[in-house]
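The values are calculated or read from the model by the stated rules, or taken from the named source; none is laboratory data. Just so you know, these numbers come straight off a predicted model, no measurement behind them. Quick reminder, even Gly has a Cβ in these numbers, built from the backbone with ideal geometry, and neighbours come from all protein chains shown. We work out accessible area using only protein heavy atoms, side chains counted, and drop any ligands, DNA or RNA first. Shrake-Rupley method; radii C 1.70, N 1.55, O 1.52, S 1.80 Å.
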Amino acid sequence: RLAFAPDGALHVGKTHLSWAGNNGIMRIEAPKSLPPLIESVHLLAKGFEVRFTTPIDFEGYPGASLYRFRYKYHATYGSPKIDEAALEVRTHVASKDRRSVILELAEPIQEGFIHELRFPGLKSADGRDLLGPIAYYQVVKAK
């Protein structure tokens, strides 16, 4: 079981029968501030809007790389990636607060694909590396 304390700490109840192992309660302290992370990805008509937890330094950044693929849906467990393709980002426009960027693609978004968005080398405005610079978004229905 998970529960948040009034001070923001997370309390985790552990049992010997779960992946967390052992018995007891674990307290995880709330961070003083969030590290630079991808906070959310939203589908737009011509691309994606990516929001970050902190302001990002987009000055001179060459841009994200995007890639799409699908999996076979069949009775057998597992599947290789199929219909793989790199996508061209036509433009990337940062917001005034530098906490989000809009990625406009050169071709239409296709339904049924998983999109991998990579931000190699991206840093926060205060110079910290982006933690977890990859996000995945499955497009069920294109806008």
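Run the dipole for the chain about the Cα centre, Lys and Arg Cβ at +1, Asp and Glu Cβ at -1, nothing else charged, and hand back the magnitude in debye, nearest 20.
With Lys and Arg at +1 and Asp and Glu at -1, about 380 debye.
FRET efficiency for the pair ARG99 and TYR73, taken as 1/(1 + (r/R0)^6) with r the Cβ-Cβ distance and R0 = 35 Å, rounds to 0.45.
Residues in the stretch 24-40, backbone N under 17 Å from the label point at ALA9 (7 Å along the Cα-to-beta-carbon vector): list them, ranges by number please. Hits in the stretch 24-40 for ALA9 at 17 Å: 24-33.
Ordering PHE48, GLY78, SER65 by Cα displacement along the dipole of the stretch 1-99 toward the positive end leaves GLY78 in first place; charges were set at the Cβ atoms of Lys, Arg (+1) and Asp, Glu (-1). Across the options THR15, VAL139, VAL89, the greatest Cα extent toward the positive end of the charge dipole of the chain (unit charges at beta carbon of Lys, Arg, Asp, Glu) belongs to THR15.
The length gained on full extension between ALA125 and ARG27, counted as 0.36 nm times the residue separation minus their Cα-Cα distance, comes to 32.2 nm. Each label point was placed 7 Å from the Cα along the Cα-to-Cβ direction; for LEU2 and VAL139 their separation is 3.0 nm. Restricting the calculation to alpha carbons of the stretch 12-143 gives Rg and Dmax of 18.4, 53 angstrom. With N the number of residues in the stretch 46-120, Rg(Cα) / (2.2 N^0.38 Å) evaluates to 1.31. The stretch between ARG118 and GLU88 holds 9.6 nm of extra length on full extension. This uses 0.36 nm per residue minus the Cα-Cα distance.
Across the stretch 79-94, computed HN-Hα scalar couplings (Karplus, 6.51 cos²θ - 1.76 cosθ + 1.60, θ = phi - 60°) run 6, x, 5, 10, 6, 6, 7, 7, 10, 8, 8, 6, 9, 10, 10, 7 Hz from first to last residue, x flagging Gly and Pro.
If you roll a 1.4 Å probe over the heavy atoms of the protein chains, what accessible area per residue do you get for the chain, in Å²?
66
For the chain, a Gaussian network of Cα nodes joined below 10 Å ranks ARG99, ARG68, ARG128 by mean-square fluctuation, and the top entry is ARG128.
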